[in-house]
1. Identify, from the list B:104, B:1, the residue that is within 14 Å of chain A (Cβ to nearest Cβ), under 20 Å from residue A:139 (Cα atoms), at pLDDT below 90 and more than 10 Å from the chain's Cα centre (by Cα).
2. I want to confirm something. Restricting to region A:160-176 and keeping residues that are free of Cβ contacts under 8 Å to residues at least 40 places away in the same chain, in contact with a helix residue (DSSP H, G or I) (Cβ under 9 Å, 6 or more places away or on another chain) and under 19 Å from residue A:194 (Cβ atoms), which single residue is nearest to the other protein chains (Cβ to nearest Cβ)?
3. Going residue by residue through region A:119-135, is there one that turns out to be within 13 Å of another protein chain (Cβ to nearest Cβ), crowded, with 19+ Cβ neighbours inside 10 Å and either over 28 Å from residue A:98 (Cα atoms) or at pLDDT below 85 (or both)?
4. For region B:79-89, does any single residue satisfy the condition of being surrounded by 15 or more Cβ atoms within 10 Å (Cβ to Cβ), free of Cβ contacts under 8 Å to residues at least 40 places away in the same chain and either assigned to a loop (DSSP other than H, G, I, E, B) or within 14 Å of chain A (Cβ to nearest Cβ) (or both)?
5. Report, by residue number, each residue of region A:142-186 that is among the small types (Gly, Ala, Ser), over 36 Å from the mean Cα position of the chain (by Cα) and either assigned to a helix (DSSP H, G or I) or surrounded by 19 or more Cβ atoms within 10 Å (Cβ to Cβ) (or both).
6. Can you find a residue that is surrounded by 14 or more Cβ atoms within 10 Å (Cβ to Cβ), aliphatic (A, V, I, L, M), more than 14 Å from chain A (Cβ to nearest Cβ) and touching a helix residue (DSSP H, G or I) at 6+ places or on another chain (Cβ under 8 Å) anywhere in region B:130-141?
7. Going by what's in this entry, would residue A:243 be described as under 25 Å from residue A:494 (Cβ atoms) and assigned to a helix (DSSP H, G or I)?
8. Any idea how many residues of region A:436-493 are among the β-branched types (Val, Ile, Thr) and closer than 16 Å to residue A:379 by Cβ?
Amino acid sequence: MESEDDFNSARSTDDEMMDDVESGYSDDDFDDLEIGEEEGFDAHDKITATQKQSYEVEFKVWTPKDIDEAQLRLINEVKDVLGQSPEATAILLRYSRWNREKLIEQYMDNQAAVLEGAGLGESNSTEARVQTLTGFTCDICCDDTSPMTTFAIKCGHRFCIDCYKTYVNAKVTDEAEAARIKCPADQCNRIVDNKSMELLVPDNLTDRYHELLVRTYVDDLENLKWCPAPNCEFAIQCKVKAKELKKVVPTVHCDCGHDFCFGCAYNDHLPAPCDLVKKWVKKCEDDSETANWISANTKECPKCASTIEKNGGCNHMTCRKCKHEFCWMCMGVWSEHGTSWYNCNRFEEKSGTEARDAQAKSRQSLERYLHYYNRYANHEQSAKLDKDIYVKTEKKMTQLQNHAQLSWIEVQFLDSASKALQRCRQTLKWTYAFAFYLERNNLTEIFEDNQKDLEMAVENLSELFEKPTDQLEKMKVEMMDKTAYCNKRRIILLNDTADNLRKSRHAFWSNDLGA
Amino acid sequence: MAAPNKRVLKEFSDCSTNPPPGCKVSLVDEANFKEWNVLIDGPANSPYAGGRFKVNFVLPDDYPFKPPVVTFKTKIYHCNVTNDATGSVCIAMLKPDAWKPASMCKQVIEAIRGLLIVPNVDDPLELEIATQYKENRVEFDKKAKEWTKKYRA
């Protein structure tokens, strides 16, 4: 079962159990795909080289801790170059979107302008942040209790500490702002620095504040993106740039188990490139229902090609637009019909045949779309049943354990099969969107063959999967073979399309007509 | 929140006794200091001259940490005021990132007056009016004067 190693790398995180048991690798080999941070995976490098498929991209999963540390490291490096405090350096780095080179260059060029832009302009106050004053009136609440605890940052705009706190809390809670909160004074652009924020933010909000701070780091960097799965705290680092997306489909696997495209954050859409996916999804939203309806209920006028719905009455049609009279049944000219009003039996008549040919042509593009759409939708529907399938699998696994006295590990082949099915269907679904836009050339046939092979493999496995539980045990070997075959076919298809995309050997229709 | 009430009281007494030129500030309801009735006379050097505009200020519960909600109650032909039943106003200082707790209602009133003299055509709520202002000033002035007369508060 050598192929198992191949699809180790393509799995979603939940499904490693069987693979790991069978292949003998630990979780660590997943890390091989990541951009190594010299953290001692050297031993695996060789395996990586053989495992990496051409459709895969390099990426690294960042935990919240990683993100925190990376920020601190950068701040520490830059603060010495600039000769600023860590707080000011953090503000400056956020201002320059964490572009350290650009910041240093600009800072050396025009220090005053950079400081002003970042909200750190000329400090006209060296007073302590917190001061207890007598005879002070806060401009926010107009309170003049004496003595009063007051607060100010470097700009010297002083307010009572309660108002200051209320202000920053509202910013953090209501506006999810952390790194760019300005002094509460009207028109003052001075940014409340990190150290001041630590003093002002109450304990129950510090976590939220830090989370938001960390967020700006990920939001500001082009090669870092949040995993879009609900409640997932990881970020993914990937080198693929927006302009490369026509040639690469950067599917990444978050440690939370979610597979998504780094380019557009949409669910895994291999092998179709992002722009096709966007076009296709939009088209399907706009068109699929309409197209289905048009296909089912209308015909085009044989003369002017206006779309006509026959909503009742006899077969004698008169086109509203061009006044052409024809028979709805055979599409022939009505005048040739004679007296057979309600029963058209003149199918072979010449004018009718020609009209039907023309009709067929104009229908072609619609039918073509529906052909791809229906297959796409079919696989999508199956993918939506993922959850059911999974639950069913679990039940079958338990049944099988009780039934045939098998151990838990021995029934994992069902889980693997279920996961392979889901993953392959996801890929198959997108091959139809891909094919819809694919311009015909000598590579198209290879693509279609690959698609057909994968589809057949999936249907075969799917059929096996539906068998009653008592037969499953006997089919274990067959099922494992078919699972491996499915995964292998998927990899072949994906590698092939990825290679062709990279070398721009595929051409795509710019319109929806397929012509 | 007892403290900001002091602020609201202070701001109201300041605005009502010492309002910006051509303005009058009163309460909609004597018992409620958080809803103001602001009457603004059309500035002399504008097509709104001779008109009077009723503007409603609602101070939210978390005022001054959140900006007042300002709406025109008198219809006005102006690109920064929506031409609908709400009469929403677009003023830079009322936007969440520009409003500061130390900003004052008086400044908002002054800003509105400023808008009557020079509209902000780059950030319009009514695009057509902004375009007309830029391209056909004569027609704009005519229409603005017409509305000013017709809807005077």
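1. Details: B:104 fails: at pLDDT below 90.
Checking each option against the conditions leaves just B:1.
2. Filtering region A:160-176 for residues that are free of Cβ contacts under 8 Å to residues at least 40 places away in the same chain, in contact with a helix residue (DSSP H, G or I) (Cβ under 9 Å, 6 or more places away or on another chain) and under 19 Å from residue A:194 (Cβ atoms), the one nearest to the other protein chains (Cβ to nearest Cβ) comes out as A:167.
3. Let us first name the residues in region A:119-135 that are within 13 Å of another protein chain (Cβ to nearest Cβ), namely A:119.
Within this subset, residues satisfying the condition of being crowded, with 19+ Cβ neighbours inside 10 Å are A:119.
Still in the running and either over 28 Å from residue A:98 (Cα atoms) or at pLDDT below 85 (or both): A:119.
The answer is yes, given that some residue of region A:119-135 is within 13 Å of another protein chain (Cβ to nearest Cβ), crowded, with 19+ Cβ neighbours inside 10 Å and either over 28 Å from residue A:98 (Cα atoms) or at pLDDT below 85 (or both).
4. yes
5. A:152, A:185
6. Checked against the condition, which is being surrounded by 14 or more Cβ atoms within 10 Å (Cβ to Cβ), aliphatic (A, V, I, L, M), more than 14 Å from chain A (Cβ to nearest Cβ) and touching a helix residue (DSSP H, G or I) at 6+ places or on another chain (Cβ under 8 Å), region B:130-141 yields no hits at all.
7. Against the criterion (under 25 Å from residue A:494 (Cβ atoms) and assigned to a helix (DSSP H, G or I)), residue A:243 qualifies.
8. Residues flagged as among the β-branched types (Val, Ile, Thr) and closer than 16 Å to residue A:379 by Cβ within region A:436-493 amount to 1.
The values are calculated or read from the model by the stated rules, or taken from the named source; none is laboratory data. Bear in mind that the values here come from a model prediction, so they are computed numbers and not experimental data. Counting neighbours? That spans all protein chains shown, and the Cβs are built from the backbone with ideal geometry, glycine included.
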